[in-house]
Amino acid sequence: LLRTEIDKLLANDVIEECESPYAASVVLVSKPNGDIRLCIDYRKLNAITMPDKYPLPLMDTLLHDAKSTAFMSTLDLKTGYHQIEINPADKDKTAFVCPFGMFRHKRMPFGLKSAPATFQRLMDQFRNGLPTVNILAYLDDIVVLSETFEPHIQDIKMVFDRLRKFKLCINREKCKFACARVKYLGLWITPKEIEVDQDKVAAIQNIPCPRNVKQLQSFLHTCSWYRKFIPNFSDIARPLSNLIKKNIVWKWSEQEQQAFQTLKQRLVTPPVLRQVDPTKPFIIRTDASGYALDAVLLKGYSPAYERPIEYENL
């Protein structure tokens, strides 16, 4: 498998043989579609790398911008990072070794500290050249949204022209065109609603009880991605959040177990969130305790017709 992946990267002009004072190790990781990704352990290089502070978009901002539209298309850039060339002076720093020799990257690999910031900067430059198109871009995931079909086709054409100008290639197998329902950032977006992807939730249900702080942090980080769907998230997660604080002795009791199971259960049946409609009334309801604040933004004319737009908890 490693030989096959090395040969493929060489054939695609992503890597080249080299002599370098740098020498990271490699590991093969299976992708969801069954393909293999070559990953490099760049921890030592990252430790001495000056970070690029360019921001990634906030999920809440992107979802807010995913306004209620009838037609949506999703575009996925083919091995997006590999479409960015590395400065020749920096290529040796990406060198890695394996049983088949020493190689370095000619194009940006996964695992570098500032790779996400570099890629997002490119995507923002790409998107900023399309002021009349409602387009969202989070790293290599692009969504084009339009109210009606004919303008949507024109929007897609302008996006394709922009892709050609930037010499960016898309992965046709992962693209969806003129849909009324699309998956984006682990959520399903429709003209009227935002729903949790049940495949993602099913994976969370299989997470075993954490045995240490690192495993608990990973679980909470995953659940936090969906906190806007879970009423009283902070209150429910409080026993778990307390356990990852500094100078706290690890003790997994019945209280932590109950919080762990409750969070997983809430994710199985999360509420469907409504899209924002600025022409309709908004209602805010709040609640508080000694250690948590909760609020929900709803739309509707009366309690009988209230529908949640977003939950917020601190």
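Each value in this text was obtained by applying a stated rule to the coordinates, not by laboratory testing. All values reported here derive from a predicted model rather than from experimental measurement. Neighbour counts run over all protein chains shown; Cβ positions are idealised from the backbone, glycine included.
Defining a contact as two alpha carbons under 8 Å apart and six or more residues distant in sequence, what relative contact order in percent does the chain show? Numbers along the way, then the final one.
Numbers: 477 pairs, mean separation 48.5, N = 314.
Reported as a whole number, the value is 15 percent.
In whole Å, what is the distance between the alpha-carbon centres of region 67-120 and region 225-264?
Measuring centre to centre over Cα atoms gives 35 Å.
Using only alpha-carbon positions, what ratio does the radius of gyration of region 55-131 give when scaled by 2.2 N^0.38 Å? List each step's numbers first, then the result.
Details: Rg = 16.7 Å, N = 77, 2.2 N^0.38 = 11.5 Å.
Its radius of gyration relative to the 2.2 N^0.38 Å reference: 1.46.
Neighbouring Cβ atoms within 10 Å as the yardstick, rank 311, 22 fewest first. Mind dumping the intermediate values first?
Values: 311 20, 22 17.
Taking fewest neighbouring Cβ atoms as first place, the list is 22, 311.
Summing +1 for each Lys or Arg and -1 for each Asp or Glu, what net charge is found among the other residues whose Cβ lies under 15 Å from the Cβ of residue 99?
Values: positive: 3; negative: 5, 7, 17.
Residues close to residue 99 contribute a combined charge of -2.
Is there a pair in 214/246; 183/214; 53/78; 31/228 whose C-alpha atoms are over 19 Å apart, and which pairs would that be?
Details: 214/246 12 Å; 183/214 29 Å; 53/78 25 Å; 31/228 28 Å.
Flagged as over cut-off: 183/214; 53/78; 31/228.
With a 10 Å Cβ neighbour count serving as the proxy for reagent exposure, in which order, fewest first, do 15, 170 appear? Before the final figure, lay out each step's value.
On the way: 15 24, 170 17.
In order of increasing Cβ crowding within 10 Å: 170, 15.
Tally Lys and Arg at +1 and Asp and Glu at -1 over the other residues with C-beta under 15 Å from the C-beta of residue 256: what net charge comes out? Don't skip to the end; give the middle numbers.
Values: positive: 211, 238, 245, 251, 264; negative: 235, 254.
That sum, taken over residues with Cβ under 15 Å, equals +3.
May I ask for the percentage of alpha-carbon pairs in region 100-246 that lie more than 22 Å from each other?
On the way: 6314 of 10731 pairs.
In whole percent, the share of Cα-Cα pairs in region 100-246 beyond 22 Å is 59.
Put a dot 7 Å past each Cα toward the Cβ at residue 245 and residue 28; how far apart are the dots in nm?
Output for this residue pair reads 4.7 nm.
Assuming a viscosity of 0.692 mPa s and a temperature of 37 °C, what translational diffusion coefficient in µm² per second does Stokes-Einstein assign to region 198-267, Rh being the Kirkwood radius over Cα pairs?
267 µm²/s
Can you compute the helix-only [θ] at 222 nm over the chain? Use -39500 (n - 2.57) per DSSP H run of at least 4 residues, normalise by all residues, nearest 500 deg cm²/dmol.
-9500 deg cm²/dmol
Arranged by the count of other C-beta atoms within 10 angstrom, fewest first, what order do 105, 64 take?
Values: 105 25, 64 13.
Ranked by crowding around the Cβ, least crowded first: 64, 105.
Using C-alpha positions alone, give me the convex hull volume of region 1-58 per residue in cubic angstrom.
About 155 Å³ per residue, rounded to a whole number.
For the chain, compute Rg over Rh where Rg is the Cα radius of gyration and Rh is the Kirkwood radius from the inverse mean 1/r over Cα pairs. Present the calculation step by step, with values, prior to reporting the outcome.
Details: Rg = 22.7 Å, Rh = 22.5 Å.
Radius of gyration relative to Kirkwood radius: 1.01.
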